[in-house]
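The values are calculated or read from the model by the stated rules, or taken from the named source; none is laboratory data. Not measured: the values here are computed from a predicted model. Reconstructed Cβ throughout: ideal geometry from the backbone, glycine too, with neighbour counts over all protein chains shown. Surface areas here come from the heavy atoms of the whole protein model, side chains and all, with no ligands, DNA or RNA. Shrake-Rupley method; radii C 1.70, N 1.55, O 1.52, S 1.80 Å.
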Amino acid sequence: MKTVYLSLGSNIGGREENLRKAIESLAAADVRVLRESPIYETEPVGLADQRWFLNMVAETETALFPLQLLTRCATIERDLGRVRTIENGPRTIDIDILLFGKAVMRTARLVIPHPRMHERRFVLVPLADLAPELRHPVTHRTVRQMLDAAPPEKLRRVTP
């Protein structure tokens with residue numbers, strides 16, 4: 001079993017309900033959800049003219065291989081109504097693999113660790129709630145160190 005950190009976000013419809021449904025679907029799909037971060041409301045990155053996101057991170061455990069997990073996440077996204085039209089655009093749910101154990105991989109479909117996680121406070125803040133001393137397998141910086149160096153971004157905690 002590998003420990004995997006997933007970032008989840010939603011800005012269409014019942015955002016918090018979308019996050020809960022995604023967590024429930026993951027838990028029923030060869031993935032054991034160990035812990036969940038608080039939920040944060042965050043300003044959109046890339047395409048500013050859209051509703052703010054709710055974001056969180058889930059610490060999970062799985063026996064799936066990375067590409068199998070990616071496929072599972074894409075299926076959950078599709079089942080929850082995600083339609084990919086505009087890059088960085090609105091979405092019912094987005095599930096990204098941030099870290100997969102200590103794995104480092106780069107394929108056309110998947111890059112682990114997530115290539116932009118160190119730039120995104122909406123990922124690093126909830127990840128730091130769960131694992132502030134966790135180290136990036138390439139840079140060896142802790143989540144806390146990456147968060148300290150990340151560009152500013154507006155966000156506020158929604159749940160305890």
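Data overview
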| read-out | value |
| --- | --- |
| Linear extension gain, ARG141 paired with LYS2, 0.36 nm per residue minus alpha-carbon span | 48.0 nm |
| In region 77-131, GluC sites (Glu not before Pro) in a DSSP loop with at most 13 other beta-carbon atoms within 10 Å | GLU87 |
| For the chain, projected area of the alpha-carbon convex hull averaged over all directions, nm² | 8.6 |
| Hz values of 3J(HN,Hα) by residue in region 129-134 - Karplus curve (6.51, -1.76, 1.60), Gly and Pro given as x | 4, 8, 8, x, 9, 4 |
| Signed unit charges on C-beta, dipole axis of region 23-160, positive-most listed residue LEU26, ALA149, TRP52 | ALA149 |
| Estimated dipole of region 117-160 in Debye, rounded to 20 [Cβ of Lys and Arg +1, of Asp and Glu -1, Cα centre] | 120 |
| Point-to-point label distance, LEU67-ARG20, nm (Cα→Cβ direction, 7 Å offset) | 3.6 |
| Solvent-accessible area of ASP30 with every protein chain in place, 1.4 Å probe, in Å² to the nearest 10 | 100 |
| Region 53-62 - phi-based ³J(HN,Hα) in whole Hz, Karplus 6.51/-1.76/1.60, Gly and Pro as x | 8, 9, 10, 7, 10, 10, 8, 10, 9, 8 |
| Anchor LYS21: lysines whose Cα lies under 25 Å away (excluding residues fewer than 8 positions away in-chain) | LYS2 |
| Sites LEU34 and GLU153 - FRET efficiency at Förster radius 22 Å, r taken between beta-carbons, to 0.05 | 0.25 |
| Overall dimensions of region 80-160 by Cα: Rg and Dmax, Å | 13.8, 37 |
| Length-normalised contact order of region 6-160 in % [C-alpha pairs under 8 Å, at least 6 apart] | 29 |
| Rounded to the nearest 20 debye, dipole of the chain from Cβ charges on Lys, Arg, Asp, Glu | 280 |
| Selection from HIS136, ILE93, SER10 lying farthest towards where the dipole of the chain points positive, charges on Cβ | HIS136 |
| Ranked by how many other beta carbons lie within 10 Å on average, peptides 104-115, 134-145 from highest | 134-145, 104-115 |
| Residue-level accessible surface for THR92, protein heavy atoms, 1.4 Å, Å² | 20 |
